[in-house]
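Enquirer: Got a structure for you, questions after.
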Amino acid sequence: MSQAIGNTALAYARVWHHVDATDRVLGKLAERIALVLMGKHKPIYDPSVDCGDYVIVTNSRKIKVTGKKEEQLLYRKHSMYPGGLKETPYKHMQDRKPDEIIRHAVSGMLPKNKLRDRRLERLRIFPGIHMGVQGANIMKSWDDGTLPPNYDPTRITTAKTLQENWKKGTTKQS
């Protein structure tokens, strides 16, 4: 008697997604990342089951916000001591901790339950284009459904092709 892997076992397998945050709007990008972390893009989605995928975000320094949010947006944290409220403007946050901007936005779009921290652990954010050894795990790369101008459907995106793109200075599929 042989054992076969069913379709549900393959559907629960976690895939690594790559996102280039260059010139992307923060809210729309965070919404899309939250959907992938929750697993809502899979046919087997269940709110009580953690079936989401991994997401790697590169170029987090180049993220954009709309309107006057660049001057008005404040990030607040409190040390729980009297007078311990710290406010950091968006511009300073973008210089010092660009990964925290995206992590804070995605965290606000995930459900506030016990699975939230586990889902956020699968989010990896890098300020530049280099993502180290984690780039070898990438299976899918997406840009809101728009294809790059030099897209070739016959060429498969692998870790090797991503490394070639890094050497050229681009991160999109070629």
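Enquirer: Counting just the residues of the range 1-15 that are open to solvent by less than 40 Å² (accessible area, probe 1.4 Å) and under 30 Å from Val106 (Cβ atoms), which one comes out modelled with the highest pLDDT? Working first, answer last.
Expert: Of the residues in the range 1-15, the ones open to solvent by less than 40 Å² (accessible area, probe 1.4 Å) are 6, 11, 15.
Pick out the ones that are also under 30 Å from Val106 (Cβ atoms) and you get 11, 15.
Working: Ala11: 71, Val15: 86.
For the range 1-15, the residue satisfying everything is Val15.
Enquirer: I'm told Leu37 meets every condition in (1) surrounded by 13 or more Cβ atoms within 10 Å (Cβ to Cβ); (2) over 22 Å from Ala136 (Cα atoms) except one. Can you identify the failing condition by its number?
Expert: (2)
Enquirer: Could you list, in sequence order, all residues of the range 68-82 that are acidic (Asp, Glu) and either touching a residue at least 60 places away in the same chain (Cβ under 8 Å) or open to solvent by 100 Å² or more (accessible area, probe 1.4 Å) (or both)? Please lay out each step first, then the result.
Expert: The initial filter retains those residues of the range 68-82 that are acidic (Asp, Glu), namely 70-71.
Of everything in the range 68-82, just one residue is acidic (Asp, Glu) and either touching a residue at least 60 places away in the same chain (Cβ under 8 Å) or open to solvent by 100 Å² or more (accessible area, probe 1.4 Å) (or both), namely Glu71.
Enquirer: If Lys97 meets every condition in (1) of a type in the set (D, E, K, R); (2) more than 20 Å from the chain's Cα centre (by Cα); (3) under 16 Å from Leu120 (Cβ atoms) apart from one, which number is that one?
Expert: In the conditions (1) of a type in the set (D, E, K, R); (2) more than 20 Å from the chain's Cα centre (by Cα); (3) under 16 Å from Leu120 (Cβ atoms), Lys97 misses (2) alone.
Enquirer: If you don't mind, another one. Output the number of residues of the range 92-122 satisfying the condition of being open to solvent by 100 Å² or more (accessible area, probe 1.4 Å) and touching a residue at least 12 places away in the same chain (Cβ under 8 Å).
Expert: 2
Enquirer: Okay, moving on. Is it the case, given these coordinates, that Gln134 is more than 29 Å from Pro47 (Cα to Cα), of a type in the set (S, T, N, Q) and either open to solvent by 90 Å² or more (accessible area, probe 1.4 Å) or at pLDDT below 95 (or both)?
Expert: Numbers: more than 29 Å from Pro47 (Cα to Cα): no; of a type in the set (S, T, N, Q): yes; either open to solvent by 90 Å² or more (accessible area, probe 1.4 Å) or at pLDDT below 95 (or both): yes.
Taking the combined requirement at face value, the residue does not satisfy it.
Enquirer: In the range 71-129, which strands (runs of 3 or more DSSP E) lie fully inside it and hold 1 or more residues that are in contact with a Gly (Cβ under 8 Å, 6 or more places away or on another chain)?
Expert: Working: elements: 74-78, 85-89, 123-125.
Hits in the range 71-129: 74-78.
Enquirer: Only one of (1) crowded, with 17+ Cβ neighbours inside 10 Å; (2) part of a loop (DSSP other than H, G, I, E, B); (3) at pLDDT 95 or above fails for Gly52. Which number is that?
Expert: Failing condition for Gly52: (3).
The values are calculated or read from the model by the stated rules, or taken from the named source; none is laboratory data. Given the structure is predicted, the values throughout are model-derived calculations rather than measurements. A quick note on method: Cβ atoms are made from the backbone with ideal geometry, for glycine too, and the neighbour counts reach across all protein chains shown. Keep in mind that these areas ignore ligands, DNA and RNA; they rest on the heavy atoms of the full protein, side chains included. Shrake-Rupley method; radii C 1.70, N 1.55, O 1.52, S 1.80 Å.
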